[in-house]
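Note sheet for the following structure.
The values are calculated or read from the model by the stated rules, or taken from the named source; none is laboratory data. No experiment lies behind these values; they were computed from the predicted model shown. Using ideal geometry, Cβ is built from the backbone for each residue, glycine included, and neighbour counts are taken over all protein chains shown. In case anyone asks, the SASA skips ligands and DNA or RNA and just uses the protein heavy atoms, side chains included. Shrake-Rupley method; radii C 1.70, N 1.55, O 1.52, S 1.80 Å.
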Amino acid sequence: MPAFEPEWTAALEESRRTYSLAGLYAVVQDWQGRLAHAPAADAAASGYDDSGSVDMAELRGRRR
């Protein structure tokens, strides 16, 4: 996945410098959210009502 690679590479370099996996974890979480919502975005474009959905960024904010 070409769009994923630059973010992953940057997070990997950061983790090598800082000895922390937090950046890598954040990239994986972000992409999991994007991929999970891809079908919803397609459905919304086709007229599907997704007004009851929850924003993944909001959910991640609640856990912290």
When the solvent-accessible surface of protein heavy atoms is calculated with a 1.4 angstrom probe, in what order do Leu21, Leu35 fall, highest first? Leu21, Leu35
Accessible area in the full protein assembly, largest first, 1.4 Å probe, for Asp30, Asp55: Asp55, Asp30
Can you tally the net charge around Ala10? Count Lys and Arg as +1, Asp and Glu as -1, for every other residue whose Cβ sits under 13 Å from the Cβ of Ala10. -3
